[in-house]
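Before any comments, here is the structure.
The numbers here are math on the coordinates, done by the rules we state, and not lab data. None of the values given here were measured: they were computed from a predicted structure. Note: ideal-geometry Cβ built from the backbone for every residue, glycine included; neighbour counts use all protein chains shown.
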Amino acid sequence: MERLILFDIDGTLTRTENGYLPFNEAIFQTFGVAGDIRTVVPDGNTDPLIVKAIFAKANVSMEINDDDWERFTAHLQSCYRRHVLQGSTTVRALPGAVELLRAFARGTGFAVSVVTGNFEVTAQVKLEAAGLFAYLSRGAYASDSAHRPDLPAIAKRRWAELSGRAIEPEQCVIIGDTPNDLAAARQNQINEATSRPGY
Ligand SMILES: [Mg+2]
């Protein structure tokens, strides 16, 4: 039976150092607010909800419309690219991630993709920096929905469109490092596995 493995990115496939630099810069460039991602817990959350949590923490009340999100996404992409290029932000593959994805690529019957709280553009910057981008097909991102439980179905549909083959929830496995990843799997009747024992 064919399997679709859906990986979370941050804390599951990669580890980012100083990711707050591009994130905070993008917030300031877009909204003119000196928000700080280090004041909230971003793990397992989606980027739009992280921005809202930062604003709530800073007592900033602001309506954010679609144009704002578009500008924020563009700023986040350019800030991330620049910081990664400069080496002020680093994104590395976690131990074993490259080997695991290579093994899936060599084998048959397994397809690998992502379900992540990153916007698609930043997911790409991170996966490229970590040397993992080429192994993963297009998945689902915070730019598709800020509500994480919406994402597994989107990733599943994209894979089916790409491969031309239907895939059932029981053929899918979500691998993540936070309770939110696993809750999203459960809400979609998808199998779950954690990359961090204890959850
Ligand atoms: Mg994670």
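Values computed for the structure shown
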read-out: Where a residue in the range 3-18 is without any contact (Cβ under 8 Å) to a residue 12 or more places away in the chain and its partner, wherever it lies, is β-branched (Val, Ile, Thr), with Cβ under 6 Å and at least six apart; value: none
read-out: Selection count where residues are on the phi > 0 side of the Ramachandran plot and crowded, with 18+ Cβ neighbours inside 10 Å, scope the range 23-45; value: 1
read-out: Filter result (under 20 Å from residue 123 (Cα atoms) and surrounded by fewer than 19 Cβ atoms within 10 Å (Cβ to Cβ)) within the range 154-178; value: 154, 157, 158, 162, 173
read-out: Selection from the range 1-22 of residues that are farther than 22 Å from residue 148 by Cα and buried (at least 24 other Cβ atoms within 10 Å of the Cβ); value: 22
read-out: Any chance residue 148 is over 15 Å from residue 13 (Cβ atoms) and in contact (Cβ under 8 Å) with a residue 12 or more places away in the chain; value: yes
read-out: Residue within the range 55-69 that is more than 16 Å from the chain's Cα centre (by Cα), assigned to a helix (DSSP H, G or I), among the aliphatic types (A, V, I, L, M) and crowded, with 18+ Cβ neighbours inside 10 Å present; value: no
read-out: Residues of the range 164-181 classified as touching a residue at least 24 places away in the same chain (Cβ under 8 Å) and either assigned to a loop (DSSP other than H, G, I, E, B) or away from the ligand (no atom under 16 Å from the Cβ) (or both), total; value: 6
read-out: Enumeration of residues in the range 70-98 that are without any contact (Cβ under 8 Å) to a residue 40 or more places away in the chain and over 20 Å from residue 20 (Cβ atoms); value: 70, 95, 96, 98
read-out: Number of the exception - residue 161 against (1) part of a strand (DSSP E or B); (2) more than 28 Å from residue 49 (Cα to Cα); value: (1)
read-out: Answer residue from the range 21-47, given it is within 16 Å of the ligand (Cβ to nearest atom) and in a helix (DSSP H, G or I) and is farthest from residue 107 (Cα to Cα) among those; value: 37
read-out: Residue within the range 7-16 that is farther than 26 Å from residue 194 by Cα and not in a helix (DSSP H, G or I) present; value: no
